[in-house]
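A.B. asks: The structure is given below, and queries will be raised subsequently.
The values are calculated or read from the model by the stated rules, or taken from the named source; none is laboratory data. In this text, all values refer to a predicted model and were calculated from it rather than measured experimentally. We place every Cβ from the backbone using ideal geometry, glycine too, and count neighbours over all the protein chains shown. Remember, those area values only see protein heavy atoms, side chains included, never the ligands or the DNA or RNA. Shrake-Rupley method; radii C 1.70, N 1.55, O 1.52, S 1.80 Å.
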Amino acid sequence: MDSASAIQRKEWSLATSVLSKSVLPKVSKASPKTARKTSTQAAALKAQPDADETLNMILSRLDDMKAEETVTIDLRGKSAFSDYMIVTTGRVNRHVGAIAENVTKALKENGIKSIHVEGLPNCDWVLIDSGDVIVHVFRPEVREFYNLERLWTRGPTAATAI
């Protein structure tokens, strides 16, 4: 019985040492100056611009890049996933790609980290999702075909029976 309980105690002590290393948080032995510095850095990372600031920054970049026919759609109250949608046009594929890359760069420079970009390889229609503001950059023909503004600016219509 003593040898069995000794083996159990060894197994238990091994298990607790492994658990304590993997589950318990590590205690930092940083100096108070270092702790203050890291908390300041964390606060700076968390400080992201609000939706209106992001919207104004994106509109400014679109104007700088000579985007055409820019339309801003207010989605507050209409959608739970975003506050604003911007639909704009670039003249050709290369212009669409340049606009999208410039807007993405500006978002990153302003502290927005979770940016999702789709359609950049083809540059017919590039979607930039920054969370609060969604940007659609189209070539003229593609924008005319999809006509996103009509979907979001018209009120709901009743279904008609045929």
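A.B. asks: Could you work out what % of the accessible surface of the range 93-148 is carbon and sulfur, using a 1.4 angstrom probe and leaving DNA, RNA and ligands out of the count?
C.D. replies: On the way: 1420 of 2910 Å².
With neighbouring chains kept in place, the figure for the range 93-148 is 49 percent.
A.B. asks: How would you order 73-86, 136-149 from highest to lowest mean count of nearby Cβ atoms within 10 Å? Could the numbers behind the result be given before it?
C.D. replies: Working: 73-86: 14.6, 136-149: 16.8.
With the highest mean Cβ count within 10 Å placed first, the list reads 136-149, 73-86.
A.B. asks: Checking the cross-link filter: which aspartates and glutamates have an alpha carbon closer than 16 Å to that of residue 113, excluding same-chain neighbours under 8 positions apart?
C.D. replies: 50, 53, 101, 129, 132
A.B. asks: In addition: Using 0.36 nm per residue of separation minus the Cα-Cα distance, give me the extension gain between residue 113 and residue 68 in nm, one decimal.
C.D. replies: Between residue 113 and residue 68, full extension yields 13.5 nm more.
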